[in-house]
Protein chains: 2
Amino acid sequence: MDLLPPLINSSHAQMWKLVLAYDGTDFHGWQVQPGLPTIQGELAAAIERVCSERTLPQGSGRTDAGVHALAQVASVALESPIPAPNLLRALNRTLPASIRVLAAAHAPSDFHARHSAVAKQYEYRIYRCEICPPEVARYVYDLAWPLDIAAIHQAAPLVLGMHDFSSFAAVDPDRTARMAVDPDMDNVRTLTHSSWREEGDLLLYTVRGNGFLHRMVRNLVGTFLEIGRGQRSAADLPALIASRNRMAAGATAPARGLFLHSVSYADTEIRDATLA
Amino acid sequence: MDLLPPLINSSHAQMWKLVLAYDGTDFHGWQVQPGLPTIQGELAAAIERVCSERTLPQGSGRTDAGVHALAQVASVALESPIPAPNLLRALNRTLPASIRVLAAAHAPSDFHARHSAVAKQYEYRIYRCEICPPEVARYVYDLAWPLDIAAIHQAAPLVLGMHDFSSFAAVDPDRTARMAVDPDMDNVRTLTHSSWREEGDLLLYTVRGNGFLHRMVRNLVGTFLEIGRGQRSAADLPALIASRNRMAAGATAPARGLFLHSVSYADTEIRDATLA
């Protein structure tokens, strides 16, 4: 549910697809909040400065405070007849260096960054080192303790497929109440990729699916890490999922290690500056 | 000249050598300033919390606001009989993630991070790309314009050797006045390494010398970049140095691309967590 409808959506407007990268450290997440710096708020302010149009760009999904993006996608309808390269350059001159527009292109009038998305991919970065270099500290979860890497490799694929992921969703009484009366709302999602890999001192988790519940990736990672520490067993994952009980899963991993990696639309995967 | 003498320096005190890395973005430089976050101030506060001792750690040199360090060295005398690994861990638990103590070791009682230093090395990082990824924006000077790389390669060694580097020193009337009455003060420094290299989209400058004047590295880089843009010629460098006139050299390159890389002491180069 969007906080506000787009303020401009007349028949003269051109729909745009914007690809954004951001360092989420200094922002209160994607979604606009009065008086707080947010990605959506900064983007709307930059568009207003460049195009003199008040809009509310729609994201492919909200990212939480501190979560980063390598390729978030936003849609926005603009009246201004500005050429795409000019819009790209002007937005990047206006936005803080912690938010970049990687690409800007026209989109069909019915394009919506969230409704049109068919899949999303996230990456979670863990830095396996006693002392975390300041240069990477904003972008990793630094974790020196020993981990049973074989166990987390074994656990990763056990969350694949279509499941009710309530065990990994942030508890939200409002959402639960809405779900009780809305037959189209549920916590069932399908994961098509879930794997860990090591790159030097980095331990990286990649997960891809048709949608993600609030804090789902960080709760999956937190659960895998408890398996890696021997606090729970990979074999318990099916029962943990079946319980549909947030209390059954692990702690939420810190936001700073999480990156929205890419968003897919019908035949197009938006990753870095790639635009169809 | 130090702002304040160390507050504790009794005969019972043990001298320590600390190696620090930091992201200088959110600090007003190394040197303690009332009411402003500085590296020296954060380190002193962390030592006070860990050891209950008020001290003023001495750095190998001041870094300006926004300048980073891969291996700054600090000396401090402490009464506390704390073992080195415990001091290291306790300081890192207390300091913000943007400052890390990479190593802590006992040092001779006459060790002084600045007075004992015999050489320092800096690295300046330029990112050659139209759109600078938010993840690296804090740590590079992003510069998309075309550069004559051959010209800057040719220029780099022309600053080697012993010179009066007044042309590259920040103008400071107080310092000029002190220099006029103090025969031991001058702007003569010896550079033993000066070179550029390319690593993918990065263009990196390394400079090593027995000492550096205020803003000297950033003024050297700014001058090399003007040579790279064709605004001045490498062949003009000897006359530029000889002029001992700050107005003759190029603009100051931004702080965010500059890293203090390492500090050398007699037979020891302090780089990363290496301690003799």
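Values quoted throughout were computed directly from the atomic coordinates according to the rules given, and no laboratory measurement underlies them. Since the model is a prediction, treat every value here as computed from it, not as a measurement. Glycine gets a Cβ as well: all are built from the backbone with ideal geometry, and neighbour counts include every protein chain shown.
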- In whole Hz, with x marking every Gly and Pro, tabulate ³J(HN,Hα) for the stretch A:228-239 from phi via Karplus 6.51 cos²θ - 1.76 cosθ + 1.60, θ = phi - 60°. x, 8, x, 7, 8, 10, 4, 5, 7, 4, x, 5
- Item | Folded to 0 to 90 degrees: helix A:39-51 orientation relative to chain A principal axis, Cα | 20
- Query: Ordered by packing density, taken as the mean number of other Cβ atoms within 10 Å over each peptide's residues, highest first, how do B:200-206, A:212-218 rank?
  - Reply: A:212-218, B:200-206
- Folded to 0 to 90 degrees: helix A:84-94 orientation relative to chain A principal axis, Cα: 70
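Need one number: the % of Cα-Cα pairs in chain A sitting beyond the 24 Å mark. Before the final figure, lay out each step's value.
Working: 19517 of 37950 pairs.
Result: 51 percent of Cα pairs exceed 24 Å.
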- Please work out the FRET efficiency for the pair A:A65 and B:A251, using the Cβ-Cβ distance as r and a Förster radius of 45 Å; give the result to the nearest 0.05. 0.75
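Apply the a/c threshold of 1.5 to the C-alpha gyration tensor of the stretch B:90-221 and tell me whether it is rounded, prolate or oblate. Intermediate values should be presented prior to the final figure.
Details: a/c = 1.96, a/b = 1.13, b/c = 1.73.
It is oblate, given that a/c is not under 1.5 and a/b is not larger than b/c.
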- The FRET efficiency for A:D174 and A:A144, from their Cβ-Cβ distance with R0 = 45 Å and rounded to 0.05, is 0.75
- Taking K and R as +1 and D and E as -1, what net charge do the other residues with C-beta under 12 Å from the C-beta of B:L91 add up to? +2
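Exactly which trypsin sites (Lys or Arg not before Pro) in the stretch A:22-98 are in a DSSP loop and have at most 14 other Cβ atoms within 10 Å?
Working: sites: A:R49, A:R54, A:R62, A:R89, A:R93; in loops: A:R54, A:R62.
Passing both the DSSP loop test and the Cβ count: A:R54.
So if we plug the beta-carbon distance of B:R89 and A:A239 into 1/(1 + (r/R0)^6) with R0 = 45 Å, what FRET efficiency do we get, rounded to 0.05?
Numbers: r = 38 Å, r/R0 = 0.85.
Efficiency, rounded to the nearest 0.05: 0.75.
Per residue of A:128-141, how many C-beta atoms from partner chains lie within 10 Å of its own C-beta, taken as a mean? Mind dumping the intermediate values first?
Details: counts 0, 0, 4, 10, 4, 8, 17, 12, 3, 7, 7, 2, 0, 0.
Rounded to a whole number, the mean comes out at 5.
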- Message: Just the number: Rg to Rh for the stretch A:1-121, Cα atoms, Kirkwood Rh, two decimals.
- Response: 0.92
- Magnitude of the Cβ-charge dipole of the protein assembly as shown, K/R +1 and D/E -1, about the Cα centre, nearest 20 debye? 120
- Principal semi-axes in Å for the protein assembly as shown [√(5λ), Cα gyration tensor, largest first]: 47, 32, 19
- Message: Give me the percent relative contact order of chain B, please, defined on Cα pairs under 8 angstrom at least 6 residues apart.
- Response: 24
